[in-house]
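Engineer: Let me give you the structure first, and then I'll get to my questions.
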Amino acid sequence: MCATDRYRNSGRPILRVLAPHLPGRGPHRRSMLKHRRMPKRKAAIAGGAVVALVAAGLTFQSANASDDTDQFVAKTLSAVAAGNLASTLSKDLGTDAAGTYYDADTKALVVNVVDETAAETVRKAGGKARIVENTLAELKTARQTLTVKATIPGTSWAVDPVTNRVVVTADRTVKGAAWDKLSQVVKGLGGKAELKKSAGEFKPLIAGGDAIHSGGGRCSLGFNVVKDGEPHFITAGHCGQAGSEWSDSAGGAAIGSMVDSQFPENDFALVKYSGSTEHPSEVNLYNGSSQAITKAGEATVGMQVQRSGSTTQVHDGEVTGLDATVNYGNGDIVNGLIQTTVCAEPGDSGGSLFAGDTAIGLTSGGSGDCSSGGETFFQPVPEALSAFGAEIG
């Protein structure tokens, strides 16, 4: 996380963008088969027996979703394979898709849909269908309402497919009139949103996994990639600006130059290697071994993941939300992030989020630390690769 020594010594958790660790300084900143939808009441009945769901510590109305009961058996899948199936079904279902998540206990992909016809498509493909109340379009509209009416520093929101709602999180700095305003906006969204409070403070964090240094600051290398046949690596965009030189030791000789950096809105950067620095496609596990990385993949809610960074080394956790919007303050708003339970601290910014041999994300920011826990947000790797025209390698 990109935080200064004053954050470390404050004795309080903070929500931050993981930016390069700058002594005495804050984070560096720049700058389909479509189906006719049935009425909701009818759809809930058609889906089978309705049940009360208890998820993320909350109890939901029994009319909110129904269980899958028919002759089809859901496929047993890895989290990565489930993500691939989710991508395929999203295209097939179109507007009838209402989100997906991975059930780690049964190793099945759960797909939210709005009617029984769409549910049958899911079952035939090997997924577990779940008829829900809110469509993705309705949840998207709820997010837009939050953007227009509740753009408040220290807040984030992401779609949670398990609850079929937009989960809005406010950090400890949101209080008084700001808290009242946010509460009223969320209340006005009814069953489409819920409000949570974080004990930390959202901040960018700065500090693959290996340490990288520039101008006295430290971040973490994300993944080695290839662009136009030349070796590069990707890291967080808030770590530095295009043209900055990076080394693998404090005050050491440059190993590469940042050729592109995007922050805010996105949070990714591309550094081109210079000289003969070795650049294997792997992540440092900080135990004398490494994890080979062969491909990039999309995150899925429920996916078990690991993070490697130069401050706190390797920690694991679970993906809890996708397409998250985070307001780090000072006008730094980043969209499309992965929300997780993985901890991180200043200096971990840009580091690797991965699942086995699959590159998933780049550490952006969060709250808390690796003693007390907290939330951490990650820039999806596939989006960064697409923007740069690069590939894992």
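Engineer: From (1) crowded, with 24+ Cβ neighbours inside 10 Å; (2) modelled with pLDDT under 95; (3) over 22 Å from Gln241 (Cβ atoms), pick out the condition that doesn't hold for Leu353.
Structural biologist: (2)
Engineer: Which of (1) open to solvent by 20 Å² or more (accessible area, probe 1.4 Å); (2) of a type in the set (S, T, N, Q); (3) over 18 Å from Ile333 (Cα atoms) is the odd one out, the single condition Thr135 does not satisfy?
Structural biologist: Result: Thr135 passes all but (1).
Engineer: Return yes or no: is Asp171 more than 19 Å from the chain's Cα centre (by Cα) and among the acidic types (Asp, Glu)?
Structural biologist: Considered against the rule, which asks whether it is more than 19 Å from the chain's Cα centre (by Cα) and among the acidic types (Asp, Glu), Asp171 comes out as no.
Engineer: Sticking with this one: Report yes if Ser90 is within 15 Å of Leu322 (Cβ to Cβ), open to solvent by less than 40 Å² (accessible area, probe 1.4 Å) and of a type in the set (Gly, Ala, Ser), otherwise no.
Structural biologist: On the way: within 15 Å of Leu322 (Cβ to Cβ): yes; open to solvent by less than 40 Å² (accessible area, probe 1.4 Å): no; of a type in the set (Gly, Ala, Ser): yes.
For Ser90, the condition - within 15 Å of Leu322 (Cβ to Cβ), open to solvent by less than 40 Å² (accessible area, probe 1.4 Å) and of a type in the set (Gly, Ala, Ser) - is not met.
Engineer: Is there a residue being in a strand (DSSP E or B), touching a strand residue (DSSP E or B) at 6+ places or on another chain (Cβ under 8 Å) and more than 30 Å from Asn327 (Cα to Cα) anywhere in segment 99-110?
Structural biologist: Going residue by residue through segment 99-110, those that are in a strand (DSSP E or B) are 99-103, 108-110.
Next, from what is left, pick out any that are touching a strand residue (DSSP E or B) at 6+ places or on another chain (Cβ under 8 Å): 99-103, 108-110.
Next, from what is left, pick out any that are more than 30 Å from Asn327 (Cα to Cα): 108-109.
Yes, because at least one residue in segment 99-110 is in a strand (DSSP E or B), touching a strand residue (DSSP E or B) at 6+ places or on another chain (Cβ under 8 Å) and more than 30 Å from Asn327 (Cα to Cα).
Engineer: If I ask for residues that are buried (at least 24 other Cβ atoms within 10 Å of the Cβ) and at pLDDT 95 or above, which ones from segment 366-393 would you list?
Structural biologist: Residues satisfying the conditions are Thr376, Phe377, Phe378, Gln379, Pro380, Val381, Ala384.
Engineer: Out of Thr312, Thr341, Thr358, I need the residue that is of a type in the set (S, T, N, Q) and within 18 Å of Asn84 (Cα to Cα). Which one?
Structural biologist: Working: Thr312 fails: within 18 Å of Asn84 (Cα to Cα); Thr341 fails: within 18 Å of Asn84 (Cα to Cα).
It is Thr358.
Engineer: Within the set of pairs 6+ apart or on separate chains, which have a first residue in segment 154-165 that is closer than 18 Å to Ala199 by Cβ and among the charged types (D, E, K, R), a second that is open to solvent by 10 Å² or more (accessible area, probe 1.4 Å) and in a strand (DSSP E or B), and C-beta atoms under 9 Å apart?
Structural biologist: Close Cβ pairs satisfying both conditions: none exist.
Engineer: Regarding segment 273-283, can at least one residue be identified that is under 24 Å from the mean Cα position of the chain (by Cα) and not in a strand (DSSP E or B)? Write out each step before concluding.
Structural biologist: Going residue by residue through segment 273-283, those that are under 24 Å from the mean Cα position of the chain (by Cα) are 281-283.
If we keep only those that are not in a strand (DSSP E or B) too, we end up with 281.
Looking through segment 273-283, at least one residue is under 24 Å from the mean Cα position of the chain (by Cα) and not in a strand (DSSP E or B).
Engineer: While we're on this one: Looking only at residues that are assigned to a strand (DSSP E or B) and open to solvent by 60 Å² or more (accessible area, probe 1.4 Å) in segment 229-253, which one is farthest from Pro280 (Cα to Cα)?
Structural biologist: First, pick out the residues of segment 229-253 that are assigned to a strand (DSSP E or B): 230-235, 245-247.
Okay, now just the ones that are also open to solvent by 60 Å² or more (accessible area, probe 1.4 Å), so 230, 245.
On the way: Glu230: 13, Glu245: 20 Å.
The extreme case among them is Glu245.
Engineer: Restricting attention to segment 323-334, does a residue exist that is more than 13 Å from the chain's Cα centre (by Cα), within 24 Å of Gly83 (Cα to Cα) and open to solvent by less than 10 Å² (accessible area, probe 1.4 Å)?
Structural biologist: Step one: list which residues in segment 323-334 are more than 13 Å from the chain's Cα centre (by Cα), which gives 327-333.
Remaining after also requiring within 24 Å of Gly83 (Cα to Cα): none.
Scanning segment 323-334 turns up no residue that is more than 13 Å from the chain's Cα centre (by Cα), within 24 Å of Gly83 (Cα to Cα) and open to solvent by less than 10 Å² (accessible area, probe 1.4 Å).
Engineer: Residues of segment 173-187 being open to solvent by less than 80 Å² (accessible area, probe 1.4 Å) and on the phi < 0 side of the Ramachandran plot, which ones?
Structural biologist: Of segment 173-187, the ones open to solvent by less than 80 Å² (accessible area, probe 1.4 Å) are 173-174, 176, 178-179, 182-183, 185-186.
If the condition is that a residue be open to solvent by less than 80 Å² (accessible area, probe 1.4 Å) and on the phi < 0 side of the Ramachandran plot, then Thr173, Val174, Ala178, Trp179, Leu182, Ser183, Val185, Val186 are the ones that fit.
Engineer: Answer yes or no as to whether Val305 is surrounded by fewer than 21 Cβ atoms within 10 Å (Cβ to Cβ) and touching a Leu at 6+ places or on another chain (Cβ under 7 Å).
Structural biologist: No; evaluated as a whole, the condition is false for this residue.
Engineer: If you scan segment 254-268, which residues turn out to be touching a Phe, Trp or Tyr at 6+ places or on another chain (Cβ under 8 Å) and part of a loop (DSSP other than H, G, I, E, B)?
Structural biologist: If the condition is that a residue be touching a Phe, Trp or Tyr at 6+ places or on another chain (Cβ under 8 Å) and part of a loop (DSSP other than H, G, I, E, B), then Pro264 is the only one that fits.
Engineer: Being open to solvent by 30 Å² or more (accessible area, probe 1.4 Å) and modelled with pLDDT of 95 or more is the filter here, so list the residues in segment 198-228 that pass it.
Structural biologist: Passing the criteria: Val226, Lys227, Asp228.
The values are calculated or read from the model by the stated rules, or taken from the named source; none is laboratory data. Every value quoted in this text rests on a predicted model; they were computed, and no experiment measured them. Glycine also receives a Cβ, built like all others from the backbone with ideal geometry; neighbour counts cover every protein chain displayed. We work out accessible area using only protein heavy atoms, side chains counted, and drop any ligands, DNA or RNA first. Shrake-Rupley method; radii C 1.70, N 1.55, O 1.52, S 1.80 Å.
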